[in-house]
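Enquirer: Provided herewith is a single structure, encoded as structure tokens, for subsequent inquiry.
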Amino acid sequence: MLMGVIADDFTGASDIGVTLAKGLAGEGGMKTALYMGTPGNAALPDIEAGVIALKSRSLPATEAVAQSLAACEWLLAQGCCQIVFKYCSTFDSTPAGNIGPVAEALANRLGARGVVVCPAFPDMGRTLYQGHLFVGSSPLNESGMEHHPLTPMTDPDIRRVLAAQSENPPGFISWQQVQSGSASVRDALLAQAEEGRCLVVTDSITNADLVTLGAACNEARLITGGSAIAQGLPHNFIARGDAQGNVPQRVGVQGKGAILVGSCSRMTLRQIARHAAGHAVLQIDAEDLLLGKASRETLLDFIEQNQHRAPLITTSGDVSSVSVLQERYGREKVANAIEDFFATLAVALADAGVKRLVVGGGETSGAVVKGLQLGSVVIGAEISTGVPALLAMRNAQPMALALKSGNFGSEDFFNRAFQTLAP
Ligand SMILES: Nc1ncnc2c1ncn2[C@@H]1O[C@H](COP(=O)(O)OP(=O)(O)O)[C@@H](O)[C@H]1O
Ligand SMILES: O=C(O)[C@@H](O)C(=O)COP(=O)(O)O
């Protein structure tokens with residue numbers, strides 16, 4: 001294994017996994033495996049890049065650091081010479097972390113300084129200019145992310161957000177400097193390292209900027225960013241003759257399917273509304289879950305009876321219903337109750353023969369995948385930007401999954417993914 005990725009959520013892990021697996025157009029990527037949690041066993045010998053999915057974004061910082069360091073040790077033991085810490089392209093974090101604490105702990109472990117911090121993901125409209133993160137034409141704090149149920153983002157200045165959760169004040173490289181090319185960025189990172197800067201917020205607006213950063217980080221022990229930072233990284237290994245150039249294959253599995261959605265992000269709410277117009281949607285009252293009122297039989301029946309209508313079960317609510325519930329019961333209790341619900345439901349569905357599962361939401365995907373106790377999965381071709389089809393084995397049976405980040409996918413995503421996971 002040449003490169004190792006530690007991702008702070010499961011949708012993000014599949015997002016960066018497919019970015020590495022496909023690489024640059026015309027060249028291909030790295031043979032990449034996605035591990036659902038840090039594995040107990042050694043990786044298969046032909047894997048060139050390993051992505052470990054953690055569910056560490058909303059944990060207390062000390063736990064997130066401990067899990068990330070353990071993942072890092074495993075990746076180093078597999079031979080990785082470069083580690084990437086992948087977080088959300090909307091820099092989802094709390095005032096206490098976990099991006100700053102995890103990035104600094106990994107930098108200390110790897111002896112790295114002048115480490116790139118770049119959440120930009122231009123294909124999804126996330127750009128970083130003068131340290132400020134935009135989603136399309138809106139600053140981060142006016143993009144809807146200010147209402148996220150677990151990690152509301154209320155400041156678009158990533159330098160300030162990161163400074164508040166880091167021990168060392170972060171450095172900065174502007175877009176103008178990135179335009180001077182990879183050698184100049186490498187020099188700038190070295191200069192920042194010599195000044196003692198651990199983390200360096202680095203602007204990027206276009207994919208070409210991210211490829212420049214990738215080339216500048218050819219020798220870096222640690223890189224941090226959204227998935228798009230990984231675009232140019234396979235090239236470094238392929239150009240050296242270390243990696244072969246991989247193309248992700250289409251994944252499809254015969255059998256019943258279900259769609260489970262716990263994301264309350266703006267795009268997901270639109271996707272659910274669109275799905276409801278032509279397919280089967282069962283809305284669960286999230287408060288019923290907190291009061292222990294949901295019946296599993298009804299849910300299994302709903303999925304069984306609506307196989308021809310791409311059945312979707314959701315708890316998602318709009319900004320006001322989420323905040324009413326959180327004020328009544330507490331943010332963590334609400335999230336835990338809903339995530340437990342989805343984890344248990346996914347297991348019941350899989351036991352009842354469901355073989356295709358589309359999940360909406362990062363934390364929700366983490367809960368579902370942990371519930372299903374999946375180990376390593378194969379990354380297939382992309383269904384939409386940042387969302388690959390995944391092939392897992394459960395009880396020696398194949399299972400196809402798609403884990404969709406809250407704001408990813410077109411309005412018809414849920415039906416498209418449901419159909420795409422079939423052979
Ligand atoms: N109706 C609801 N009210 C409050 N919280 C909810 C509701 N439905 C789902 N949630 C919780 O909101 C969080 C959504 O996060 P996540 O699944 O990561 O979605 P996203 O990918 O959009 O960030 C989860 O913890 C989920 O359990
Ligand atoms: O970088 C991204 O935007 C995604 O890969 C991601 O991590 C999104 O997180 P969720 O919206 O919580 O799924």
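Throughout, read-outs are computed from the coordinates displayed, never taken from laboratory work. Just so it is clear, the structure is predicted and the values come from calculations on it, not from any experiment. Quick reminder, even Gly has a Cβ in these numbers, built from the backbone with ideal geometry, and neighbours come from all protein chains shown.
Enquirer: Is it the case, given these coordinates, that Pro119 is closer than 24 Å to Leu59 by Cβ, within 14 Å of ligand 2 (Cβ to nearest atom) and without any contact (Cβ under 8 Å) to a residue 12 or more places away in the chain?
Expert: On the way: closer than 24 Å to Leu59 by Cβ: yes; within 14 Å of ligand 2 (Cβ to nearest atom): yes; without any contact (Cβ under 8 Å) to a residue 12 or more places away in the chain: no.
Against the criterion (closer than 24 Å to Leu59 by Cβ, within 14 Å of ligand 2 (Cβ to nearest atom) and without any contact (Cβ under 8 Å) to a residue 12 or more places away in the chain), Pro119 does not qualify.
Enquirer: Looking only at region 350-366, count every residue that is out of contact with any strand residue (DSSP E or B) (no Cβ under 9 Å at 6 or more places or on another chain) and surrounded by 19 or more Cβ atoms within 10 Å (Cβ to Cβ) and tell me the total. Spell out how you get there, then give the answer.
Expert: Quick first cut of region 350-366, residues out of contact with any strand residue (DSSP E or B) (no Cβ under 9 Å at 6 or more places or on another chain) only: 351, 363.
Those still in the list that are surrounded by 19 or more Cβ atoms within 10 Å (Cβ to Cβ) too: 363.
Going through region 350-366 one residue at a time, the tally reaches 1.
Enquirer: What number of residues within region 35-67 satisfy the criterion of being within 14 Å of Phe10 (Cα to Cα) and either hydroxyl-bearing (Ser, Thr, Tyr) or in contact with a Phe, Trp or Tyr (Cβ under 9 Å, 6 or more places away or on another chain) (or both)?
Expert: 12
Results for (1) among the hydrophobic types (A, V, I, L, M, F, W, C); (2) more than 16 Å from ligand 2 (Cβ to nearest atom), shown as yes or no for each residue.
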| position | (1), (2) |
| --- | --- |
| Lys370 | no, no |
| Ile383 | yes, no |
| Ala392 | yes, yes |
| Asn395 | no, yes |
| Met399 | yes, yes |
| Phe408 | yes, no |
| Thr420 | no, yes |
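Enquirer: List the residue pairs whose Cβ atoms are under 8 Å apart, where the first residue sits in region 319-343 and is charged (D, E, K, R), the second is away from ligand 2 (no atom under 16 Å from the Cβ), and the two are 6 or more positions apart or on different chains.
Expert: Here the result reads Arg328/Glu287; Lys333/Leu290, each pair linking region 319-343 to a residue that is away from ligand 2 (no atom under 16 Å from the Cβ).
Enquirer: Looking only at residues that are crowded, with 24+ Cβ neighbours inside 10 Å and either free of Cβ contacts under 8 Å to residues at least 12 places away in the same chain or under 14 Å from the mean Cα position of the chain (by Cα) (or both) in region 375-386, which one is nearest to Gln271 (Cα to Cα)?
Expert: Per the criteria, the residue is Gly386.
Enquirer: To continue, here is another question. If you take the residues of region 251-280 that are within 14 Å of ligand 2 (Cβ to nearest atom) and assigned to a loop (DSSP other than H, G, I, E, B), which of them is nearest to Ser410 (Cα to Cα)?
Expert: This residue is Ser265.
Enquirer: What single numbered condition from (1) more than 14 Å from ligand 2 (Cβ to nearest atom); (2) within 23 Å of Gln231 (Cβ to Cβ) fails to hold for Glu73?
Expert: In the conditions (1) more than 14 Å from ligand 2 (Cβ to nearest atom); (2) within 23 Å of Gln231 (Cβ to Cβ), Glu73 misses (2) alone.
Enquirer: When the residues of region 71-104 are filtered to those that are out of contact with any strand residue (DSSP E or B) (no Cβ under 8 Å at 6 or more places or on another chain) and outside any loop (DSSP other than H, G, I, E, B), which remaining residue is nearest to ligand 1 (Cβ to nearest atom)? So that I can check it myself, show each step before the final result.
Expert: Within region 71-104, the subset out of contact with any strand residue (DSSP E or B) (no Cβ under 8 Å at 6 or more places or on another chain) is 73, 77, 79, 88, 92-98, 101.
So of that shortlist, the ones also outside any loop (DSSP other than H, G, I, E, B) come out as 73, 77, 94, 97, 101.
Details: Glu73: 27, Ala77: 30, Thr94: 13, Gly97: 16, Pro101: 20 Å.
Here the answer is Thr94.
Enquirer: Of the conditions (1) surrounded by 24 or more Cβ atoms within 10 Å (Cβ to Cβ); (2) in contact with a strand residue (DSSP E or B) (Cβ under 8 Å, 6 or more places away or on another chain), Gln397 satisfies every one except a single condition; which number is it?
Expert: (1) is the only condition that Gln397 fails.
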